[in-house]
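Single-structure report; data block below.
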């Protein structure tokens, strides 16, 4: 029952992606929408940029989040205060995060613009590199806390005895991390990585707010194009073809990561 | 684990988290002119207009009410569906159990934007378009799998002997679930509720698309304002600050449970 409810909307998307849709009628067109999407250079470039963005965001957020989780105090008021603070960005709607960072980097009046000016640099969102830096910074601000919480939950699941055993063996800090903490953290971190990959890969609202996908197309990603094709021209099939592709990519990523994690745990 | 020294990196991270939040707060007290034309750290000419606007124009504050209604609905539905499901996943053995359990996660991997069109169509067809329950159900699509994952971890941590002794005490399955299991895993339920809440409260693509007038939530209104007027920064900042309040209240209510729930293992 649950499976049916779950699969039905997804099946609809797949259905759209192989049909030409005119209101109530639809004609089967096979892979036409897919080839149209795959051969458009817009889509190809967006796809590359999405991959780039996801990889950059993940390489910053995962180690940072892990590192902070390892350094968090174990208990007490301080911990609660820190957790409240870390949850706040997670409770901020994406669109607000986008506008907040746009406000931070407004020419002349943004805090970030001013701060960078101290170092003699000019933050100009018309510069693709600057635009990317702001968007990456935004994502790190918004989502690193999620990685921290996941990693922290994984750490808390390690029984105290493990650490005692390790200290009896006079294990070094690195050895404790490698053989006591890492095996437990692996799964939590990969779940966090999958969630973050999905979100960063399908990001669109924030860059849209900060840069409108520009300068030119420097910060438009897969989902931004997809959003436009859904809202403006309403080419259902085209949008659906992109959706199915993106979903497939995310699933493959998740699958590979899970395989890596579980195989490793069998060998070690 | 030995106590970690209160280190530099965490402090730096805290500062990094605080700066944009600080800016968000100051923005909400600034006038639009001040935001776009003068650089001031503290509001030069503090104004409450942004907040007044939210609380006097009914479409704005009703937005919070609408969002509140479907978020509560969603949390309740998600938990009532997920709890028996998680119990089944944890206790009974059936074919395809493991692949089914893992494939649950894939639902969470669907970006809401992918599902906008099919959901709009389905809810339109069954006449639920522009109702709270439509948004709540749409969000369940993403929240139920996560809730099952979270709860399953906690239920599996309970020895099956507890089920048996409850059965000996004359509990039916239903009364066991309500009277024994729920109190035992209350911390984890709080964690699951919090995750559902978090997703539902900030999600805006589906909630915007599935509503028109009667149930337009605050995030949908924000989207509209943001796309019509090129950045009403002050108002948007004020709206999101007010939007923090339920989140923080909810968090403080379940805080102790939340930290305990984390301790149990699976988030």
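The single condition from (1) at pLDDT 80 or above; (2) buried (at least 18 other Cβ atoms within 10 Å of the Cβ) that residue B:205 fails is (1). Take the conditions (1) more than 28 Å from residue A:257 (Cα to Cα); (2) more than 14 Å from every other protein chain (Cβ to nearest Cβ); (3) in contact (Cβ under 8 Å) with a residue 40 or more places away in the chain; residue B:76 misses just one of them, which is (3).
Among the residues of segment A:65-72, is there at least one that is surrounded by fewer than 21 Cβ atoms within 10 Å (Cβ to Cβ) and within 20 Å of the chain's Cα centre (by Cα)? For segment A:65-72, residues surrounded by fewer than 21 Cβ atoms within 10 Å (Cβ to Cβ) and within 20 Å of the chain's Cα centre (by Cα): present. When segment B:86-105 is limited to residues that are within 13 Å of chain A (Cβ to nearest Cβ) and crowded, with 18+ Cβ neighbours inside 10 Å, the one that is farthest from residue B:139 (Cα to Cα) turns out to be B:89. Considering (1) within 12 Å of chain B (Cβ to nearest Cβ); (2) crowded, with 17+ Cβ neighbours inside 10 Å; (3) part of a helix (DSSP H, G or I), the lone condition that residue A:207 does not fulfil carries the number (1). When residue B:263 is tested against (1) within 9 Å of chain A (Cβ to nearest Cβ); (2) within 30 Å of residue A:186 (Cβ to Cβ); (3) surrounded by fewer than 19 Cβ atoms within 10 Å (Cβ to Cβ); (4) modelled with pLDDT of 65 or more, just one condition goes unmet, and that condition is (4). Counting only helices (runs of 4 or more DSSP H) that fall entirely inside segment A:102-178 and contain at least 3 residues that are within 11 Å of chain B (Cβ to nearest Cβ) and free of Cβ contacts under 8 Å to residues at least 12 places away in the same chain, the qualifying elements are A:111-118, A:160-168.
Right, residue B:191: in a helix (DSSP H, G or I) and surrounded by fewer than 20 Cβ atoms within 10 Å (Cβ to Cβ) or not? Against the criterion (in a helix (DSSP H, G or I) and surrounded by fewer than 20 Cβ atoms within 10 Å (Cβ to Cβ)), residue B:191 does not qualify.
Among the residues of segment B:141-188, those that are surrounded by 16 or more Cβ atoms within 10 Å (Cβ to Cβ) and closer than 21 Å to residue B:255 by Cβ comprise B:143, B:146, B:147, B:150, B:151, B:153, B:154, B:185, B:187, B:188.
Residue pairs whose Cβ atoms lie under 8 Å apart, separated by 6 or more positions or on different chains, with the first residue in segment A:194-213 and without any contact (Cβ under 8 Å) to a residue 40 or more places away in the chain and the second surrounded by fewer than 24 Cβ atoms within 10 Å (Cβ to Cβ) and assigned to a loop (DSSP other than H, G, I, E, B), are A:213/A:220. Does residue A:193 qualify as being on the phi < 0 side of the Ramachandran plot, modelled with pLDDT of 75 or more and more than 10 Å from chain B (Cβ to nearest Cβ)? So residue A:193 passes the test. Among the residues of this structure, residue A:188 counts as one that is assigned to a helix (DSSP H, G or I), modelled with pLDDT under 80 and either touching a helix residue (DSSP H, G or I) at 6+ places or on another chain (Cβ under 9 Å) or buried (at least 16 other Cβ atoms within 10 Å of the Cβ) (or both).
The values are calculated or read from the model by the stated rules, or taken from the named source; none is laboratory data. Small disclaimer: the values here were computed from a predicted structure and weren't measured. All Cβ positions, glycine included, derive from the backbone under ideal geometry; neighbour counts span all protein chains shown.
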